[in-house]
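Have a look at the structure below, then the notes.
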Amino acid sequence: MQDDIVLTMRRICKYFPGVRALNDVDFTLRKGTIHALMGENGAGKSTLIKVLTGVYLMDEGEIRIDGIEGPVTIRSPQEAQSYGISTVYQEITLCPNLTVAENMFIGRGEKKSVDWKAMEKRAGELLESLGIPARPKQQLGSCSLAVQQMVAIARAVDTECKVLILDEPTSSLDDKEVAMLFRLMRDLRDRGVGIIFVTHFLEQVYEVSDTITVLRNGELVGEYAIKDLPQVKLVEKMIGKDLADLEHIEKHATADTAAEPLYEVKNLSSSESRPFDFHIAKGEVNGFTGLLGSGRSESVRAIFGADPVTGGSVKMSGKSVKITKPLDAMKNGIGYLPEDRKRDGIVAELSVRDNIILALQVVSGVTHPISRAKAEAFADEYIKALDIKTASSDTPIGSLSGGNQQKVILARWLLTHPQYLILDEPTRGIDVGTKTEIQKLVLKLAEEGMSITFISSEIEEMLRTCSRLIVMRDRNIVGELTGADLTQDRVMHTIAGGGN
């Protein structure tokens with residue numbers, strides 16, 4: 001290997017029944033670089049990472065690591081770590097019932113006795129050095145999702161790693177936490193660590209990366225220096241077609257918000273949200289925006305009854321209704337795609353078909369089971385309509401890419417023909433092409449009369465889809481923006497406390 005190369009993967013192939021997930025893929029990682037691995041969902045990024053970390057055994061190809069003579073075969077994540085490869089995945093894999101310190105050091109070493117004081121001291125030093133707002137003795141489950149993600153990163157960087165793999169590490173972090181992580185990444189890069197950075201946030205790629213490798217349909221498109229690949233060209237290489245069609249998403253005509261609201265609440269509150277007023281008109285797309293922890297997700301969970309409702313009044317089309325739990329919301333024509341699709345959205349072991357019909361079956365009741373023939377017809381209809389990439393409707397949803405899982409959850413709610421659909425981070429962690437498909441679908445549904453509340457961490461995405469934004473800070477509504485005020489500057493100004 002060359003002196004500056006820490007990892008080479010050559011002619012990597014990986015097969016699954018009926019699918020060639022990787023086809024002769026090459027990948028080179030140099031010391032002291034941040035290397036972005038890009039591609040749409042299903043492009044092969046996760047499969048390549050899993051081959052490198054021993055989750056999957058490659059079918060063909062070779063892997064070479066600096067300092068080790070000859071090709072290596074990595075059979076397990078533990079073996080990968082022994083070669084100096086540390087990984088932080090998008091989905092947090094720590095133990096919420098253990099303390100922060102225990103999560104940081106669990107599985108390290110073979111000693112039968114544990115020096116708890118030394119472990120907690122080391123954890124405290126690491127947390128402080130990284131600026132992570134957690135205590136060593138604090139139960140991890142009591143921390144926010146963002147802090148849990150940072151603890152996972154701290155656990156990975158505490159080892160003497162040659163290769164650090166960050167798989168969507170910023171998906172649950174706010175801007176300040178992202179900046180903190182990027183400082184850490186640059187510091188590790190300057191110390192010679194090779195970093196593989198997997199993300200769907202294109203702006204972040206250009207902010208922190210040195211090199212980009214693009215995969216598409218399980219094959220290598222190319223490796224590029226960041227300065228040689230403008231963002232528009234990167235997207236074109238990822239999706240395999242000209243971007244012109246994707247750059248002209250036109251917002252639908254603003255709904256008549258002066259008309260009687262389809263849904264309206266006064267002083268609605270839950271166990272997780274403060275009292276707030278809210279309404280949405282028929283055919284309107286609006287959204288809650290604010291920094292992580294502002295209360296946007298807690299607000300829509302209260303609307304759907306996902307958290308125990310503690311107060312307030314609700315009207316649907318001017319008539320008072322009682323919505324204190326999800327079934328109440330569903331029976332009143334409300335659907336909800338949750339922020340955390342893994343935890344609250346999919347049932348990983350069930351088939352695509354069973355996940356699609358799940359909400360309709362709940363509303364119909366156990367005494368009115370959906371026949372197999374109808375279930376197959378429903379599934380086939382929405383697999384085709386939403387272009388869900390799956391071998392069949394019998395495929396377990398857990399084996400699909402994140403973008404296709406998201407489409408299945410969308411299909412689940414569309415099958416119930418809701419009047420009002422809540423989408424919380426529907427495009428998080430999915431590729432550019434699928435993001436655009438979902439945005440176009442949202443606007444099409446609104447044109448057909450459906451009311452939609454859309455939440456995204458990407459303000460530009462919300463500006464493209466929403467005709468009204470409710471701005472939140474510290475779990476309070478601090479502004480409402482429409483018309484000419486729907487600009488990124490105005491949104492950020494309002495979030496920061498400048499009013500509207």
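The values are calculated or read from the model by the stated rules, or taken from the named source; none is laboratory data. All of these numbers come straight from a predicted model, not from anything done at the bench. Please note: Cβ atoms are built from the backbone with ideal geometry, for glycine as well, and neighbour counts cover all protein chains shown. Remember, those area values only see protein heavy atoms, side chains included, never the ligands or the DNA or RNA. Shrake-Rupley method; radii C 1.70, N 1.55, O 1.52, S 1.80 Å.
Across q = 0.11, 0.14, 0.18 Å⁻¹, the range 77-167 modelled as identical point scatterers on its alpha-carbon atoms has Debye log10 I(q)/I(0) values of -0.28, -0.47, -0.79, in the order of the q list.
Give the carbon-plus-sulfur fraction of the accessible surface of the range 248-496 in %, rounded to a whole number; probe 1.4 Å, heavy atoms of protein chains only. Roughly 51 percent, rounded to a whole number. Convex hull volume of the C-alpha atoms in the range 1-101, normalised per residue: 138 Å³. At the residue level, residue 210 shows approximately 50 square angstrom of accessible surface with a 1.4 angstrom probe and all protein chains present. In this structure residue 237 has an accessible area near 60 Å², from a 1.4 Å probe over the protein heavy atoms.
Could you list, in their original order, any pairs among 50/162; 137/162; 45/374; 14/237; 322/384; 50/389 whose Cα atoms are separated by more than 26 Å? The answer is 137/162; 45/374; 322/384.
Helix 145-157 sits at what angle to the longest principal axis of the chain, using alpha carbons and giving 0 to 90 degrees rounded to 10? Once rounded, the angle reads 10 degrees.
Remark: accessible surface ordering of 401, 142 (largest first) is 142, 401, probe radius 1.4 Å. Which shape class, rounded, prolate or oblate, goes with the range 5-245 when its Cα gyration tensor gives a ≥ b ≥ c as root eigenvalues, a/c under 1.5 marks rounded, and past that a/b bigger than b/c marks prolate? Since a/c reaches 1.5 and a/b is larger than b/c, the shape of the range 5-245 is classed as prolate. Across the alpha-carbon atoms of the range 150-211, the computed radius of gyration and Dmax are 10.9, 29 angstrom. Please say if the range 248-496 is rounded, prolate or oblate, where rounded means a/c under 1.5 for a ≥ b ≥ c the square roots of the C-alpha gyration tensor eigenvalues, and otherwise the choice is prolate for a/b larger than b/c and oblate otherwise? Prolate shape, in that a/c is at least 1.5 and a/b is the bigger ratio.
Ranking 155, 372, 20, 468 by solvent-accessible area of protein heavy atoms (1.4 Å probe, all protein chains present), from largest to smallest, gives 372, 20, 155, 468.
Residues 167, 3, 354, 394, ordered by accessible area of protein heavy atoms at a 1.4 angstrom probe radius and largest first, appear as 3, 394, 354, 167. Between 0 and 90 degrees, the angle of helix 175-190 with respect to the longest Cα principal axis of the chain falls at about 10 degrees.
Global size of the chain: 23.6, 74 Å for Rg and Dmax (C-alpha atoms, Rg to one decimal, Dmax whole). Bridging of residue 117 to aspartates and glutamates at a Cα separation below 14 Å is possible for 102, 125, once same-chain residues fewer than 8 apart are set aside. Loop-located GluC sites (Glu not before Pro) across the range 114-211 with a Cβ neighbour count of 10 or fewer within 10 Å are 160, with loop assigned by DSSP. Less than 5 angstrom separates the built amide H of residue 477 from none of the residues sequence-distant by 5 or more or on a different chain. The range 359-381 and the range 432-500 have Cα centres spaced 34 Å apart. On the principal axes of its alpha-carbon atoms, the range 330-374 has extents of 29, 27, 14 Å, going from largest to smallest.
Calculate, for the chain, the solvent-accessible area per residue in square angstrom, rolling a 1.4 angstrom probe over the heavy atoms of the protein chains.
Values: 22360 Å² over 500 residues.
I get 45 Å² per residue for the chain.
Taking every protein chain into account, the 1.4 Å probe leaves residue 367 with about 110 Å² of accessible area, to the nearest ten.
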